[in-house]
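For reference, the structure discussed in these notes is given below.
The values are calculated or read from the model by the stated rules, or taken from the named source; none is laboratory data. Note that the structure is predicted; figures quoted are calculated from it, not measured. We place every Cβ from the backbone using ideal geometry, glycine too, and count neighbours over all the protein chains shown. In case anyone asks, the SASA skips ligands and DNA or RNA and just uses the protein heavy atoms, side chains included. Shrake-Rupley method; radii C 1.70, N 1.55, O 1.52, S 1.80 Å.
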Amino acid sequence: MKNLIIKMLVGNDQIRLYMADQTELVRKVYQMNERVPAVPKLLLAQTLSLMGILTGTLKGNQRLSLALSMSDRTQKISADADARGNIRGYLNEALFDMQECQYGSTHDLIGPRGMLRMVKGNDLHQYTSITDMPAQNIAEDFARHFMQSDQTLTHFAAPVRLGPDGEPISAHAIYAQLLPGASPELLDELKRTLGAERELLDEIKAGNFTGSEEALQKVFKDMKLIGTSECRFFCGCTRELFIGLLQSLGKEEISKTIKDNRTIETFCHVCGKRYSFMAEEVVSLM
Ligand SMILES: [Zn+2]
């Protein structure tokens, strides 16, 4: 099951509203970062959930890349997304290898000097924009970023519901953009509606499009469906690819690594996946 993005117009056709069930995506992020403390893991999941819904705004060969720097500049999250709905992203090593987390919330982890850097474009044209993160909240600071870079009033949300074991039960993403000329009050009204209709998110399920559409229609009487799209976590890396890379290091380099450790650890810098190899496994193939 993929993550479904439902796209619609609401508020008398003056707000473009996208809602997505990101449960599958967030579960994948949690699986891939199993040993990471809860706070950085949640921030990565929310970041990728938002990047996922933004794939629905990209066209043709457009890409969107994000670098999120915490107040502690050694700590970063990177992510990118394309118009086909593919998203990748990872915690840098300072966050991934964190044994104990001194931060009690994502707000504290981002800290007062967090920074968002986004690059949007295709191979020919790219546009970079950088903003700070005064809200210390990824969704609110995304909205601020779009206000500053595109002069569009937007609303983002990326709620993740965790079970008592700390594992995700459900995750959703919301993107709402006020269309040019419309009154900002419409967006405030939408936020109030979304806040009051808390059960709505439970009804948005990737596997039940008809049910989701009906639930949305009940809340947004004038909603017009404009389309759907899907997003997914995707990186093309494989274990075999890494064996090939290790072998290209040459015997000498590898035997140096083997002396120190029985296993060789590799790390995909695109998706953050780790592959470990027994030293014998690499050598036997040479
Ligand atoms: Zn990868």
Original post:
Restricting attention to segment 191-213, which residues are within 23 Å of the chain's Cα centre (by Cα) and touching a residue at least 24 places away in the same chain (Cβ under 8 Å)?
Top reply: K191, L194, L201, D202, I204, K205, A206, G207, F209, S212
Original post:
Identify, please: which residue in segment 89-130 is open to solvent by 10 Å² or more (accessible area, probe 1.4 Å) and of a type in the set (V, I, T) and is, among those, nearest to V26 (Cα to Cα)?
Top reply: T106
Subject >> Long-range neighbours under 8 Å by Cβ, at least six apart or interchain, first residue assigned to a strand (DSSP E or B) within segment 222-248, second at pLDDT below 85 and near the ligand (Cβ under 9 Å from one of its atoms) >> reply: F233/C271
**OP:** Could you run through segment 249-258 and say how many residues are open to solvent by 40 Å² or more (accessible area, probe 1.4 Å) and in a loop (DSSP other than H, G, I, E, B)?
**Re:** 1
**OP:** Please state which of the following conditions Q151 fails to meet, knowing it meets all the rest: (1) more than 21 Å from T55 (Cβ to Cβ); (2) surrounded by 13 or more Cβ atoms within 10 Å (Cβ to Cβ); (3) out of contact with any Asp or Glu (no Cβ under 6 Å at 6 or more places or on another chain).
**Re:** (2)
Subject >> segment 202-249, residues that are under 17 Å from L4 (Cβ atoms), within 16 Å of the ligand (Cβ to nearest atom) and among the hydrophobic types (A, V, I, L, M, F, W, C) >> reply: F233, F234
Original post:
Regarding V29, is this residue under 16 Å from the mean Cα position of the chain (by Cα) and closer than 30 Å to T193 by Cβ?
Top reply: yes
Original post:
Taking into account only those residues within segment 32-58 that are touching a Gly at 6+ places or on another chain (Cβ under 8 Å) and under 18 Å from I138 (Cα atoms), which is surrounded by the fewest Cβ atoms within 10 Å (Cβ to Cβ)?
Top reply: A38
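Whether any residue in segment 4-27 is under 18 Å from L116 (Cα atoms) and charged (D, E, K, R) is what I want to check.
The answer is no; no qualifying residue exists.
Only one residue in R192, R144, R198 is surrounded by fewer than 15 Cβ atoms within 10 Å (Cβ to Cβ) and at pLDDT 95 or above, so which one is that?
Numbers: R144 fails: surrounded by fewer than 15 Cβ atoms within 10 Å (Cβ to Cβ); R198 fails: at pLDDT 95 or above.
None of the other options fit; the residue is R192.
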**OP:** Hey, can you tell me all the residues within segment 12-31 that are in contact with a strand residue (DSSP E or B) (Cβ under 8 Å, 6 or more places away or on another chain), open to solvent by 20 Å² or more (accessible area, probe 1.4 Å) and part of a loop (DSSP other than H, G, I, E, B)?
**Re:** D13, Q14
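Here's the yes/no breakdown for (1) within 19 Å of the chain's Cα centre (by Cα); (2) in contact (Cβ under 8 Å) with a residue 40 or more places away in the chain:
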site	(1), (2)
M98	no, yes
G104	no, yes
R113	no, yes
V119	yes, yes
N122	no, yes
H125	no, no
I130	yes, no
I138	yes, yes
Subject >> Tally of residues being farther than 15 Å from P40 by Cα, assigned to a loop (DSSP other than H, G, I, E, B) and touching a Leu at 6+ places or on another chain (Cβ under 9 Å) across segment 62-84 >> reply: 2
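Would you pick out the residues in segment 1-55 that are among the polar types (S, T, N, Q) and closer than 25 Å to M223 by Cβ? Give the steps one after another, and end with the answer.
So in segment 1-55, the residues among the polar types (S, T, N, Q) come out as 3, 12, 14, 22-23, 31, 33, 46-47, 49, 55.
Matches in segment 1-55: N3, N12, Q14, Q22, T23, S49, T55.
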**OP:** Please specify each residue of segment 105-132 satisfying the condition of being over 22 Å from D150 (Cβ atoms) and either among the hydroxyl-bearing types (S, T, Y) or at pLDDT below 95 (or both).
**Re:** S105, T106
Subject >> Residues of segment 167-181 satisfying the condition of being surrounded by fewer than 17 Cβ atoms within 10 Å (Cβ to Cβ) and either among the basic types (K, R) or modelled with pLDDT of 95 or more (or both) >> reply: E167, I169, L179
**OP:** Examine segment 63-79 for a residue that is open to solvent by 30 Å² or more (accessible area, probe 1.4 Å), over 26 Å from S229 (Cα atoms) and among the aliphatic types (A, V, I, L, M), and state whether such a residue exists.
**Re:** no
